[in-house]
Number of protein chains: 4
Amino acid sequence: MKTINVGLIGYGFMGRAHSNAFHKANHFFDLEYRPVLKAICARDAAKAQAFASQWGFESVETDWRQLVRRDDIDLIDIASPNDTHRDIALAAAKAGKMILCEKPLARDGIEAATMVRAVEKAGVPTMVYYNYRRIPAVTLAKQLIDDGRLGRIFHYRAKFLQDWTISKDLPQGGASLWRLDVKVAGSGVTGDLLAHCIDTAIWLNGSLDQVNAMTETFVKQRKHNLTGKVEKVGIDDACAFLARFKNGSLATFESTRYARGHKALYTFEINGENASLFWDLHDLHRLQMFDHRDEGRLRGWRSIHVTDGDHPYMKQWWVPGLQIGFEHSFVHQVADFLQALARKERPRPDFRDALETQLVCDAVLKSARSGRWTKVPAPK
Amino acid sequence: MKTINVGLIGYGFMGRAHSNAFHKANHFFDLEYRPVLKAICARDAAKAQAFASQWGFESVETDWRQLVRRDDIDLIDIASPNDTHRDIALAAAKAGKMILCEKPLARDGIEAATMVRAVEKAGVPTMVYYNYRRIPAVTLAKQLIDDGRLGRIFHYRAKFLQDWTISKDLPQGGASLWRLDVKVAGSGVTGDLLAHCIDTAIWLNGSLDQVNAMTETFVKQRKHNLTGKVEKVGIDDACAFLARFKNGSLATFESTRYARGHKALYTFEINGENASLFWDLHDLHRLQMFDHRDEGRLRGWRSIHVTDGDHPYMKQWWVPGLQIGFEHSFVHQVADFLQALARKERPRPDFRDALETQLVCDAVLKSARSGRWTKVPAPK
Amino acid sequence: MKTINVGLIGYGFMGRAHSNAFHKANHFFDLEYRPVLKAICARDAAKAQAFASQWGFESVETDWRQLVRRDDIDLIDIASPNDTHRDIALAAAKAGKMILCEKPLARDGIEAATMVRAVEKAGVPTMVYYNYRRIPAVTLAKQLIDDGRLGRIFHYRAKFLQDWTISKDLPQGGASLWRLDVKVAGSGVTGDLLAHCIDTAIWLNGSLDQVNAMTETFVKQRKHNLTGKVEKVGIDDACAFLARFKNGSLATFESTRYARGHKALYTFEINGENASLFWDLHDLHRLQMFDHRDEGRLRGWRSIHVTDGDHPYMKQWWVPGLQIGFEHSFVHQVADFLQALARKERPRPDFRDALETQLVCDAVLKSARSGRWTKVPAPK
Amino acid sequence: MKTINVGLIGYGFMGRAHSNAFHKANHFFDLEYRPVLKAICARDAAKAQAFASQWGFESVETDWRQLVRRDDIDLIDIASPNDTHRDIALAAAKAGKMILCEKPLARDGIEAATMVRAVEKAGVPTMVYYNYRRIPAVTLAKQLIDDGRLGRIFHYRAKFLQDWTISKDLPQGGASLWRLDVKVAGSGVTGDLLAHCIDTAIWLNGSLDQVNAMTETFVKQRKHNLTGKVEKVGIDDACAFLARFKNGSLATFESTRYARGHKALYTFEINGENASLFWDLHDLHRLQMFDHRDEGRLRGWRSIHVTDGDHPYMKQWWVPGLQIGFEHSFVHQVADFLQALARKERPRPDFRDALETQLVCDAVLKSARSGRWTKVPAPK
């Protein structure tokens, strides 16, 4: 068993999700490599130490530059806010570390392209946590499409709806609310939520050709937690866009944090010539499928409970009928990364894949400003 | 076009449902016979007249004996309370009339057997409104079972849940509440609701061999609307029973009027060796099917929207995707009756079929009293 | 009881739906007026006669101009293809007849505006069959919005998905396929399906301000049934658009006939500050509601089975829990029309309301051609 | 942080579930105690060693008697087949160890009573893995009932349906199929699946008074994996029973391994005077609730996505909308056990609680043999 020493930056929601994945990967998957939780890095030493105790990290750093310099670290995992991704990645690449990065890769395509150049120059393996690819039901969708079960795809439809920022009294910025601060996050729902939808869409149905978007900021000003002042809100609260894929499919995408009743409702539906698929993050263990080749009078949407041994990833877990949850997508991602290393394959999605998603996000925001159809530029 | 002159007895919920069916059958089905609404019979002359005006009946009677005597009446439709069924049927049979009767056929098996003897002696066509057989999704279930799609049937499960009698202040007896008066109704949920479940079960899966039941009357006394006094409640508020079919299937049946949240939730589920079916009156236009012969990783419960032209009865109605409702089951029943007449076939379910259901109800109530497994007697 | 003599033009799907509604309205609603099926008009005399026999029309016409001329006709019901609506309506208005018209009102806004001018000049009552307003669950949604239960509305989302034209072998034009012939229909899914979505949206959430659309014709050529030749397909097979309402809500609309697995899936979702609503034509008897004012830990989407006596229209029908279906929306529309007459109120939606929907459709198609945001012009 | 040294017996499905729980409990919960995986015990030394490596156990034993003797072991976790529970527990109690035991506690009530006497005499803390109590949606149901939200409970309905033993070619006995071998398992679905339903039922609605059951063994003979011979099948393949709770509620319970389409469909529904609840293991993160006190026209079943911070256990996990799964119920159970130790409270359900469930199982099987209502004996 070869070990990989992990240095994790960030102990928030994603720091916990990644730590849990590093712990569980080898319990449930037979892997040549085993991650070792070597160091946790965060600015607040006391909190970092508490996190290290709870999660079993061997050491603590308070400056990521110091972490990157350490010789006993093989892999840097970036789980800190978006505005830190680029600099950490550039330094880590220079230091020859493998890099895992929470999504979105960066605040915009320019940052992302810089990062891609750096890691490709350094030749280090990378991966970005677009974890929804690893939900078994989503992976099953991918298999069905790749097998040609859907035939020509006419329509793609994705939504990511939340409702947690409706209150005008919610402030922006700071520890748990940096996603509302455009300087830190880069954008609002586009980079946070639509980036997931776009990554999945490209993976399932190929590249997007052009987009036509609208955005809205429903609450124009919010108190900023760091300055204490009421400041203009710079992020997009909601974004919807029309799109055409390169393969000719039509698409609609929508995301908002103002949809009462939806906590994290990421759904997609794909309509093909022969079959259609539907998936919903709120019931992530199910894939809905309509197969036109079923006998006519018996056609109907099938609710596939994706918990059988012949479903992707599932033979590693429990027995048929027993659900896994959100966190398992990270375990799968880490396991897949370790397997790719063992097989000397390119881990996916890597920084280059994530750049493509970033360029779509940029085109979406540009289109929203111009009110025009906008071509998605090719990654260079 | 041959006409059949109908004399309808009763103008309540079922009087309306039958009248509507007589009106619509020939609009939507191509039939040799056409029912003519010749007379409505009810004790209250003014109300009967109003009903006649609203529904287009040509005449009014206030005494069913007079109606039965009329030469211009070909068919008696019994939509009055259960305690009137036997006497009307005996007189109608004697007068050589065709007879349609609302379910249950009678208050008990003894009454029902008397009625069967009378109509069979008279040789008149009969039918009992176990209308749920004619919901397209239920008829589709019947076709699938008869085609052998399910294989050996291991389990049958039926429920009919309501919640409208929970209040202790609800009185019993009289116009709209005769179903709570045991003298009029014969029994509570067993004859009213389980009779539907039993009729469907026998139709789909053959005769029942033995039953083991429990009943409960949650509210022991209620004011009686006719006497004005608080009287003991004689009906069963709830009834559940275990059963074995003659073909070896195991069954559970349950009905209650004390299940909060359910207005008229009649459901059945059938588990066969190869496939399972589920149906629910609250979404009566859908049939759920699980087919084990589907490809393993793609198995799932299919929600079949039973609204296509190749579904039972549906090519007579609208276009795919557009629902019909409760009332249409009566239209189908009348249309099927008229077609059976034209083809000189036995209409189903007729009085003899309904007697079998009545005998199961009797066995259920007997078992509840004794606490023992009880054989269902064979109809004679 | 005052009678209204109806002359119906067209005996197709909608001719049947309207005839059924005229028959049933007075059985289930207490109305001052009663429609009399005086004449059916269609070019094929034999078929018209057969329809008259089946549905009880007193007479037959083969030329609508002759029908409009008849003194014994009070009301013209237009259920013929879209390209006939304008001329019939102009003649009927001139003859002083009341006019009911199947949707869309016309092939485009210019035709529609002409019709509005004519009927307003003549002062005749009109109504357009945007029947989905009269589904009880949709009417309940309207009540809740008008009561202010949702608060500020952030998002409106509507789709109308079908799958019946995917086959390339399907011809266009002629009796049952005129909806694929742009000369007869005016447009494809925009006028046929999105018109419904737009009518409901305006009714529920007010006027649309601007739209940004894309359309696609997946099958570019089809055999034409009337010419026998392969001809270019002029209709839009699919259309999606972004929109902003005048009240500031953001919207997405989409319709297609290439969505495998959906027969007539009209859905809408509305996200308000305090509550959200969802409705689905495939389960038209249900309204989903999420109410943020419910106790926190018990919040969830409620599936309201809209079949109770206190639900719109439902006390006229059966008992709680028993569904009505598609056809009942037409019965309600006819009943509402007759009640508006009795109360000397404006029936809704009338030609003027339908003109607004037509202008949105025009703006959608114009935007799809230009690729730009397009203002919805105000009706004149 | 105090440590507790765990000796685990059994490395099958449940050995993995328990190991995972011991690992995760302290990552997600703040606890005074921390379990240490001191030893894994199983007869096959090589497999035990492999399991130890994968899961991080410090040592291996191949004889549970030796494990129980070790001074460095504080807690024995019994995850081996049912026929080993009693002897291990008696020895562990004698050695003064804390004991966690997989359900069912024993093969029958006699074994269970012996175990209870032993642990109570020894005064050691115990707990039985009736893990479904710790699914957040089920715990929420418990809170609602204890808060009196349901009022008087009229009906309780539970099912546990599977379909994995339908094939006649499936053998019985041995490593993964001991659940089909009556000598090892004690019974079939009654002890395996209904035991879960009974534990939950007693927890939610109090003790059962009497039961009336039927059982069936659909496949009468199967090859035995250990003897290689075709032998009589001694277990119950299916079991259904009627019951009355001591509080007067009526109940139906059913379990089978012959219900096509259901992998592990444990559902319960509870109908109270004021509200009803429904839960389903296949969507374990949801609780359905109908509240009669909602405004009349807006009543409906709410689908509560039990993933918010104010839901039981959920503030320890991710963010609203993100599901946890099956395995988390074990993590909660271990965390609750450790908290009970810290608070010097009685862990629940302990051996005494599990004895009550065992006595109900015994009464069910006895009733099935006699065909009579059978009183549930009081635990001594």
Check your understanding: Tell me, how many Å apart are the Cα centres for segment C:248-284 and for segment A:294-335?
Key -> 27
Practice item. Quick one: among C:A92, C:A185, C:A342, which has the greatest mean-square fluctuation in a GNM of chain C with alpha-carbon springs under 10 angstrom? Key: C:A342
Practice item. Identify the trypsin sites (Lys or Arg not before Pro) of segment C:164-225 meeting these criteria: DSSP loop state and at most 15 other C-beta atoms within 10 Å of the C-beta. Key: C:K168, C:K220
Check your understanding: In a solvent-free Debye calculation with one equal scatterer on each Cα, what is log10 I(q)/I(0) for segment C:302-380 at q = 0.15, 0.17 Å⁻¹, listed in the order of the q values?
Key -> -0.77, -0.83
Review point. What spacing in nm lies between the two simple spin-label points modelled at C:K168 and B:R65, each 7 Å away from Cα in the Cβ direction?
Key: 7.7
Revision key, fill the gap. Shielding of B:324-333 by other chains, given as the mean Cβ count within 10 Å, works out to 4
Revision key, fill the gap. Diffusion coefficient in µm²/s returned for segment A:2-130 by Stokes-Einstein, Kirkwood Rh over C-alpha pairs, 25 °C and 0.890 mPa s, is 169
**Study point:** GNM result for chain C, Cα springs below 10 Å: residue of C:V138, C:V128, C:V319 fluctuating most strongly
**Key:** C:V319
Revision key, fill the gap. Pairs over 26 Å Cα to Cα, from A:K94/A:K366; A:K47/D:K97; A:K142/D:K159; D:K97/D:K380, come to A:K94/A:K366; A:K47/D:K97; A:K142/D:K159
Point to revise | Phi to ³J(HN,Hα) by Karplus 6.51 cos²θ - 1.76 cosθ + 1.60 over segment C:153-167, Hz, x for Gly, Pro | key: 9, 8, 9, 10, 9, 9, 9, 9, 10, 9, 9, 8, 10, 5, 5
Review point. For chain D, what Kirkwood radius comes out of the mean inverse Cα-Cα distance, in Å?
Key: 21.5
Point to revise | Using distinct alpha-carbon pairs, which all enter the 1/r mean, Kirkwood radius of segment A:220-329 in Å | key: 17.8
Check your understanding: DSSP loop trypsin sites (Lys or Arg not before Pro) in segment D:42-97 with at most 13 other Cβ atoms within 10 Å of their Cβ, which ones?
Key -> D:R43
**Study point:** Distances in nm from C:S370 to the matching label points in the other copies, shortest first (labels 7 Å along Cα to Cβ)
**Key:** 1.7, 8.4, 8.6
Practice item. Find how many whole Å separate the alpha carbon centroid of segment C:80-98 from the alpha carbon centroid of segment A:162-217. Key: 51
Review point. Using a basic spin-label model with each label point 7 Å from the Cα along Cα→Cβ, how many nm lie between A:A50 and B:K229?
Key: 7.4
Check your understanding: Tell me, what is the percent relative contact order of chain D, built from C-alpha pairs under 8 Å that lie six or more residues apart?
Key -> 20
Check your understanding: Looking down the axis that turns C into D, which residue of C has the closest beta carbon, and how many Å out?
Key -> C:R302, 2
Review point. Can you give the extra length, in nm with one decimal, that the chain gains between D:M1 and D:R343 once fully stretched, where that is 0.36 nm per residue apart less the Cα-Cα distance?
Key: 121.7 nm
Review point. Across 5 Å bins from the origin, how do the percents of Cα pairs in segment C:1-78 run, short distances first?
Key: 3, 17, 30, 25, 16, 7, 2, 0
Practice item. Quote the FRET efficiency, to the nearest 0.05, computed for B:E58 versus B:A175 with a Förster distance R0 of 25 Å and r equal to the Cβ-Cβ distance. Key: 0.50
Review point. Based on the Cβ-Cβ distance of D:Q143 and B:D280, what FRET efficiency does E = 1/(1 + (r/R0)^6) give at R0 = 30 Å, to the nearest 0.05?
Key: 0.55
Exercise for review: Place the label 7 angstrom along Cα→C-beta at A:G248 and in each other copy, then list the distances from the first to the rest in nm, shortest first.
Suggested key: 4.4, 5.4, 7.0
Revision key, fill the gap. Per-residue average of other protein chain Cβ atoms inside 10 Å, peptide B:259-270 -> 6
**Study point:** Residue mean of other protein chain beta carbons inside 10 Å, A:303-311
**Key:** 5
Practice item. Take B:R152, project a point 7 Å from its Cα along the Cβ direction, then tell me which residues of segment B:264-284 have their backbone nitrogen under 17 Å from it. Key: B:271-276
Revision key, fill the gap. With label points set 7 Å from each Cα along the Cα-to-Cβ direction at D:R34 and B:K315, the distance between them in nm comes to 7.3
Exercise for review: Taking all pairs of distinct Cα atoms, average 1/r, flip it, and tell me the Kirkwood hydrodynamic radius of the protein assembly as shown in Å to one decimal place.
Suggested key: 35.1
Revision key, fill the gap. Measuring from its Cα centre, segment C:231-348 shows a charge dipole (+1 at each Lys and Arg Cβ, -1 at each Asp and Glu Cβ) which, in debye to the nearest 20, is 240
**Study point:** At 7 Å out from Cα toward Cβ: A:I110 inter-copy label distances (nm, ascending)
**Key:** 4.9, 8.3, 9.6
Practice item. Compare A:I110, A:I99, A:I76 in a GNM of chain A, Cα atoms joined below 10 Å, and give the one with the largest fluctuation. Key: A:I110
Revision key, fill the gap. Here the FRET efficiency for B:Q221 versus B:D83, based on Cβ atoms and R0 = 22 Å and rounded to 0.05, is 0.55
**Study point:** Gain on full stretching of the segment that runs from C:F13 to C:R369 - 0.36 nm per residue minus C-alpha separation
**Key:** 125.0 nm
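Readers should treat all values here as calculations from the given coordinates under stated rules, not as data from a laboratory. What you see is a predicted model; the values in this text were computed from it and never measured. All Cβ positions, glycine included, derive from the backbone under ideal geometry; neighbour counts span all protein chains shown.
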